[in-house]
Amino acid sequence: MKQRVLSITTSIYYFLLVTTAHATSSLDIKVSKKTTDDDLVGIIQGVGDAILAVAGALAVVMLIIGGVRYIISAGNSDQIAGAKKTIEYAIAGVIIVALAAFALRLIQSFF
């Protein structure tokens, strides 16, 4: 049973990882010999966006893993408690990523 759950969880993880990799492949960072303040701001914005995308995808993956753990807990109270903690932490992660994205956009509006 554990091996089956592990294989399902790994399959979901790799599927989301591949999807995320293709989604972020359009990130275009230009490096030139002469860098200006606009180039530096663009690089920082690109890196910040990439970090937020990875963190958001990871939080969603953890939410899915928590849901799968909850479903397969089979009434075991210890496993249910662990799954609920995973879901709670994943939701907290989504909120933190959303707040970080808001803060990043707020800071970008000044530049």
| query | For segment 57-95, what are the residues that are under 15 Å from the mean Cα position of the chain (by Cα) and in contact (Cβ under 8 Å) with a residue 40 or more places away in the chain? | reply | 57, 60, 61, 64, 65
| task | Output the number of residues of segment 69-100 satisfying the condition of being surrounded by fewer than 14 Cβ atoms within 10 Å (Cβ to Cβ) and β-branched (Val, Ile, Thr). | result | 3
| Where a residue in segment 98-111 is within 21 Å of residue 58 (Cα to Cα) and its partner, wherever it lies, is of a type in the set (S, T, N, Q), with Cβ under 9 Å and at least six apart | 104/45
| remark: A careful count of residues in segment 47-82 that are of a type in the set (S, T, N, Q) and part of a helix (DSSP H, G or I) gives 2
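Taken together, the values in this text are just the output of simple stated rules run on the coordinates, not laboratory data. As the structure is a prediction and not an experimental result, all values here were calculated from the model. Every residue, glycine among them, receives a Cβ derived from its backbone with ideal geometry; neighbour counts consider all protein chains shown.
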